[in-house]
Amino acid sequence: MTTEDAQPAHQRGAAPRGALRRISTVLFRRRLLALWLLLTPPMLWLGVVYLGSLLAMLWQSAYSFDDFSMVVTPELTLANYRALFHGVNLDIIVRTVAMAAAVTVGSALIGFPVAYYIARYTRGAVKGVLYASVMLPMWASYIVKAYAWTVILAQGGVVYWVVNLLGLREVLDGVLALPVVGGSSLSTSNLGRFLVFTYVWLPFMILPIYAAIERVPESLLQASADLGARPWQTFRTVILPLTFPGVVAGSIFTFSLTLGDYIIPQLVGPPGYFIGTMVNTQQGSVGNLPMAAAFTVVPIVIIGGYLALARRLGAFDAL
Amino acid sequence: MRSSAKAGKPRSTRHGPRAPWPLRLAAWAGLLFLHVPIALVALYAFSTEESAFGFPPPGLTLRWFGEALGRSDIWSAVALSGKVALMATISAVVLGTLAALALSHRTFRGKDLIAMGFILPIALPGIITGIALHAAFRLGEITPGFWTIALGHTTFCIVVAYNNVVARLRRLPPSLVEAAMDLGADHFAAFRTVVLPQLGTALLAGAILAFGLSFDEIIVTTFTAGHERTLPIWLLNQLGRPRDVPITNVVAILVMAASTLPILAAWWLTRSSHDIGGSGK
């Protein structure tokens, strides 16, 4: 338990002056006490407020809800969890997970070149500015970013203006006529929703990849080149395997954030619930907190599984 | 291409090899994608158009800024967001710093578990924290309002303060404190005169980030706010109202500025270590 007794004992009989001095001496002798004094307030917060709330939620997810009287009663039941596997609810889960997966792949494809370019081909001030130019959009107001896209995708908005300018209107209409991807307009299509999600979470993908690429030592690449590998071969056999944990680390964010989001599906895309919007509706307008809580368990379980997988792929060393 | 002879170290050259053009194209396209939407929101705040989002805007004006400043509902939302952020920042910095001091330079059983516990509120989607707090308030029959919002925000702000302080402590050798104590300082004096001055900018950066994070938060807030309206909730409610489009646009760029300028400040304060960001919201 006390692992710090390796430090020099230096209480050279200095006579304790005043109460503070005496407390300090006690703390020095009893390392564990000092640790507990420091840890108790944050642990209380974490344990009582956060974990306590999670338990309160899990507990209430087993409460009963009467569909006719719309009243929650504290009779424990598994009906809410059973309902998760019903057709409509299963559709919601599949729809959300599919979007989260698509957004993750999309951000990795867009993000990797950005991270790679900044990490490998820029130096000094330019690198600093480019790094900041990825970090700033990440921290910029989420709700404003989502709002920006409702403006961009609107009829007569900038996307339609550019498309018309380039004479690509037929191409856009053709894409929107596709089954799953399309819709009656950009702002009511899955393509539009995908774009907004990818935009909002992209920096969360770029930064871990960037960090992973930065950690690949230059000497490895020189060795690879010395051994006769062409740049593409070096990339595929040295850089990509070494930076893949960074991609996985980024995907934890993009996947989990998409899975739990409930604002963007309200603003852009076709009708039909996401896990987040379902939780919000059940809790808000329906008043079925138990069902909302049961729905919240879905992302917890999926993300738990995903984290376990990511850990095996070495993503935590890349964070 | 490699002009490394002068400096001796290859990495310190000013110009590295030039990127192949497809990579350059993809990278700049990605960066453009990140910034064009923000630039457009900024542009629309000056548009003379009153109800639609036509592009290009028919004309530019400063009129909407004046009108937005005269709206009392905006001011009360700003005030609430500011108060919540201040409260959450203070408690998060205190709790996060305590946790960081406890966990750095120590190894004990269960340390990793505790460290992971502090990260959990931002690792799991906000909706989980939100609905969990909502369920707990319901169970405890607590009426949602200012204090419940601040409580929720503190929960996910702790990790920001914690991360900044931990990163700084990692670079602070324990021998410094030992030296201070050898010279006769007690725990408190050593903390005040040796550790605290070193932590200064990390604490400030953590506080700025926590403030920005809280000021801008919407997901947890909707579940803990009851009938109160923070600025992001005001904005969200506004999106269904076409009448107020110009005012919404103005508030949007003000919120954007409020959320990005502090980040630049925090980045500047910790620029030697690049320890901020990356940890996610």
(message) Take residue A:276 and tell me if it is on the phi > 0 side of the Ramachandran plot and within 13 Å of another protein chain (Cβ to nearest Cβ).
(response) no
(request) With the checklist (1) farther than 15 Å from residue A:89 by Cβ; (2) more than 8 Å from every other protein chain (Cβ to nearest Cβ) in hand, flag the one item residue A:297 doesn't pass. (result) (1)
(message) Any residue at all in segment A:137-148 that's at pLDDT 85 or above and more than 28 Å from the chain's Cα centre (by Cα)?
(response) no
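Each row is one residue, and each column tells you yes or no for (1) part of a helix (DSSP H, G or I); (2) surrounded by 14 or more Cβ atoms within 10 Å (Cβ to Cβ); (3) modelled with pLDDT under 90; (4) within 11 Å of chain A (Cβ to nearest Cβ).
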residue	(1), (2), (3), (4)
B:8	no, no, yes, no
B:14	no, no, yes, yes
B:18	no, no, yes, yes
B:24	yes, yes, no, yes
B:41	yes, yes, yes, yes
B:58	no, no, yes, no
B:66	yes, no, yes, no
B:76	yes, yes, no, no
B:83	yes, yes, no, no
(message) Residues that are over 21 Å from residue B:42 (Cα atoms), under 16 Å from the mean Cα position of the chain (by Cα) and within 8 Å of chain A (Cβ to nearest Cβ): does segment B:248-267 have at least one?
(response) yes
(message) residue A:189 - would you say it is surrounded by fewer than 22 Cβ atoms within 10 Å (Cβ to Cβ) and either at pLDDT below 90 or more than 16 Å from residue A:109 (Cβ to Cβ) (or both)?
(response) no
(request) Would you confirm whether any residue within segment B:103-112 is under 30 Å from residue B:228 (Cα atoms), more than 8 Å from chain A (Cβ to nearest Cβ) and either aromatic (Phe, Trp, Tyr) or over 20 Å from the mean Cα position of the chain (by Cα) (or both)? (result) no
(request) Within segment A:158-168, identify whether any single residue is within 29 Å of residue A:96 (Cβ to Cβ), within 12 Å of chain B (Cβ to nearest Cβ), surrounded by 13 or more Cβ atoms within 10 Å (Cβ to Cβ) and within 24 Å of the chain's Cα centre (by Cα), and answer yes or no. (result) no
(message) On the basis of being more than 30 Å from residue A:243 (Cα to Cα), within 11 Å of chain B (Cβ to nearest Cβ) and among the small types (Gly, Ala, Ser), does residue A:177 make the cut?
(response) no
(request) Give the residues of segment A:181-191 that are in a helix (DSSP H, G or I) and of a type outside the set (S, T, N, Q), sorted by residue number. (result) A:186, A:191
(request) Working only within segment B:134-146, note down all residues that are without any contact (Cβ under 8 Å) to a residue 60 or more places away in the chain and assigned to a helix (DSSP H, G or I). (result) B:135, B:136, B:138, B:139
(request) Please give the number of the condition residue A:211 fails out of (1) buried (at least 17 other Cβ atoms within 10 Å of the Cβ); (2) without any contact (Cβ under 8 Å) to a residue 24 or more places away in the chain. (result) (2)
(request) Name the residue, out of A:189, A:219, that is small (Gly, Ala, Ser) and closer than 20 Å to residue B:36 by Cβ. (result) A:189
(request) Report yes if some residue within segment B:89-100 is assigned to a helix (DSSP H, G or I), more than 12 Å from every other protein chain (Cβ to nearest Cβ) and touching a helix residue (DSSP H, G or I) at 6+ places or on another chain (Cβ under 9 Å); otherwise report no. (result) yes
(message) Looking at segment A:232-256 only, could you name the residues that are farther than 28 Å from residue A:275 by Cβ and of a type in the set (Ser, Thr, Tyr)?
(response) A:234, A:237, A:243
(request) Residue by residue through segment A:99-135, note down the ones that are more than 7 Å from chain B (Cβ to nearest Cβ), not β-branched (Val, Ile, Thr) and not in a helix (DSSP H, G or I). (result) none
(message) Suppose we filter segment A:29-42 for residues that are more than 7 Å from every other protein chain (Cβ to nearest Cβ) and either within 14 Å of residue B:97 (Cβ to Cβ) or in a helix (DSSP H, G or I) (or both); how many remain?
(response) 8
(message) Of all residues being in a helix (DSSP H, G or I) and touching a Ser or Thr at 6+ places or on another chain (Cβ under 8 Å) in segment B:163-174, which is nearest to residue A:290 (Cα to Cα)? Just the residue, please.
(response) B:163
(message) I'm trying to understand the selection: among the residues of segment B:170-198, which are touching a residue at least 12 places away in the same chain (Cβ under 8 Å) and surrounded by 20 or more Cβ atoms within 10 Å (Cβ to Cβ)?
(response) B:190
(request) Go through B:185, B:179 for me and flag whichever is in a loop (DSSP other than H, G, I, E, B), within 11 Å of chain A (Cβ to nearest Cβ) and either farther than 30 Å from residue A:18 by Cα or in contact with a helix residue (DSSP H, G or I) (Cβ under 9 Å, 6 or more places away or on another chain) (or both). (result) B:185
(message) Can you confirm whether residue B:150 is out of contact with any Asp or Glu (no Cβ under 8 Å at 6 or more places or on another chain), small (Gly, Ala, Ser) and touching a residue at least 24 places away in the same chain (Cβ under 8 Å)?
(response) yes
(request) Say whether the condition of being aromatic (Phe, Trp, Tyr) and surrounded by fewer than 22 Cβ atoms within 10 Å (Cβ to Cβ) is met by at least one residue in segment B:117-129. (result) no
(request) Check off (1) crowded, with 16+ Cβ neighbours inside 10 Å; (2) in contact (Cβ under 8 Å) with a residue 12 or more places away in the chain; (3) aliphatic (A, V, I, L, M) for residue B:62 and give me the number that stays unchecked. (result) (1)
(message) For the condition hydroxyl-bearing (Ser, Thr, Tyr), free of Cβ contacts under 8 Å to residues at least 24 places away in the same chain and either surrounded by fewer than 18 Cβ atoms within 10 Å (Cβ to Cβ) or touching a Pro at 6+ places or on another chain (Cβ under 6 Å) (or both), what is the one hit in B:107, B:155?
(response) B:107
(request) Please give the number of the condition residue A:248 fails out of (1) more than 9 Å from chain B (Cβ to nearest Cβ); (2) of a type outside the set (S, T, N, Q); (3) under 15 Å from residue A:57 (Cβ atoms). (result) (3)
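The values are calculated or read from the model by the stated rules, or taken from the named source; none is laboratory data. None of these values were measured; they are calculated from a predicted model. Cβ atoms come from the backbone with ideal geometry, glycine included; neighbour counts cover every protein chain shown.
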